[in-house]
Amino acid sequence: MKTGMIAAGLGLAVSGVASAAFTGYTVTATNVSSGGQNLVRYELFAVFSGATDTVLNVFNFKAAGGWAANPAAASGFWHKDNSDYNGGVLSQQYGTWAPVLTGSATANRPFDSYLTIGGGATGANTTNADPSWPASGGGWSRADLPTSPLPAADAIGWFNSNPPNLQGRVGNSPAGGTAANGWTAAVPAGGVRLGQFILSAGDTVNRTYNLRTAYNDGAGGGVQFAETTFSLPAPGAVALLGLAGLVGRRRR
């Protein structure tokens, strides 16, 4: 497993309010295989410096530069979930991004692409797709990422539908799996899991994405926003990670 993170100074703020709570995105990369298919499992985390920082939702998720310029970055993901659209079969054609449908912790979940706001990828997860996912194509019950029709921002998002459960708080993203299935990626200090992406080994598509995170202190404090990019690199490469310009304490 390889993990990369580039850190640089934070300093963009508004209204004279400075905060260094969000420090960037981290991506871990692990070589795995299922049914003879060589894969790479990427796990995406938002990283914070505060022990109670809590992610509420993420949005403005799209290929850096827009989907029109990078259409290939919207496809190529593998799923092995328990949805009606997939049935536990490793597939790039059928699947869902819902974390509640990942299925078996050993046979399915290590090889399934899904999105989440912290927590574990189990039936108790309260992450849902926000309305930016178009109904045409199945909403988020699809194997790829939608590129149209989308809102003017050309982007999609997901949220914790029950924020009082603090699922998105630092410390509430369990590590995945056991040594038996090779799924031992540790959660980075201060990390909140936002997604897992399964790609073919040797996939060389340019996969740099933009994502905006909304979070607070987990105790009803004002919502803050951080926006930057992350990449899904080949194992051994350092993930392209930016740091956020924090833009305001307003609610989305």
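Among the numbered criteria (1) modelled with pLDDT of 95 or more; (2) more than 15 Å from the chain's Cα centre (by Cα), which single criterion is violated by Tyr25?
(2)
Going by the conditions given, is Thr102 of a type outside the set (Asp, Glu), at negative phi and touching a Leu at 6+ places or on another chain (Cβ under 8 Å)? Even if it seems obvious, please write down each step before you answer.
On the way: of a type outside the set (Asp, Glu): yes; at negative phi: yes; touching a Leu at 6+ places or on another chain (Cβ under 8 Å): no.
No.
Checking the conditions here, which among Asn82, Asn60 is touching a residue at least 40 places away in the same chain (Cβ under 8 Å) and surrounded by fewer than 23 Cβ atoms within 10 Å (Cβ to Cβ)?
Answer to the selection: Asn60.
Pick out the one residue from Ser34, Ser113, Ser75 that is crowded, with 24+ Cβ neighbours inside 10 Å and hydroxyl-bearing (Ser, Thr, Tyr).
Details: Ser34 fails: crowded, with 24+ Cβ neighbours inside 10 Å; Ser75 fails: crowded, with 24+ Cβ neighbours inside 10 Å.
Of Ser34, Ser113, Ser75, the one residue that is crowded, with 24+ Cβ neighbours inside 10 Å and hydroxyl-bearing (Ser, Thr, Tyr) is Ser113.
Quick one: in segment 85-110, of everything that is hydroxyl-bearing (Ser, Thr, Tyr) and surrounded by fewer than 21 Cβ atoms within 10 Å (Cβ to Cβ), which residue is modelled with the lowest pLDDT? Walk me through how you get there before you give the answer.
Keep residues of segment 85-110 that are hydroxyl-bearing (Ser, Thr, Tyr), which gives 85, 91, 94, 96, 102, 104, 106.
Now restrict to residues that are surrounded by fewer than 21 Cβ atoms within 10 Å (Cβ to Cβ): 85, 91, 94, 104, 106.
Numbers: Tyr85: 74, Ser91: 95, Tyr94: 93, Ser104: 89, Thr106: 87.
Taking the candidates together, the pick is Tyr85.
Taking Asn57 as the residue in question, decide whether it is closer than 29 Å to Pro146 by Cβ, at pLDDT below 95 and not hydrophobic (A, V, I, L, M, F, W, C). Even if it seems obvious, please write down each step before you answer.
Numbers: closer than 29 Å to Pro146 by Cβ: yes; at pLDDT below 95: no; not hydrophobic (A, V, I, L, M, F, W, C): yes.
Considered against the rule, which asks whether it is closer than 29 Å to Pro146 by Cβ, at pLDDT below 95 and not hydrophobic (A, V, I, L, M, F, W, C), Asn57 comes out as no.
Which residue pairs have Cβ atoms closer than 6 Å, lie 6 or more positions apart in sequence or on different chains, and pair a first residue in segment 105-121 that is assigned to a loop (DSSP other than H, G, I, E, B) with a second residue that is surrounded by 24 or more Cβ atoms within 10 Å (Cβ to Cβ) and of a type in the set (Ser, Thr, Tyr)?
Asn108/Thr102; Asp112/Thr102; Thr116/Thr127; Ile117/Thr127; Gly118/Ser173; Ala121/Thr102; Ala121/Tyr114
The values are calculated or read from the model by the stated rules, or taken from the named source; none is laboratory data. Note that the structure is predicted; figures quoted are calculated from it, not measured. For neighbour counting, all protein chains shown are included, and Cβ atoms are generated from backbone atoms with ideal geometry for every residue, glycine included.
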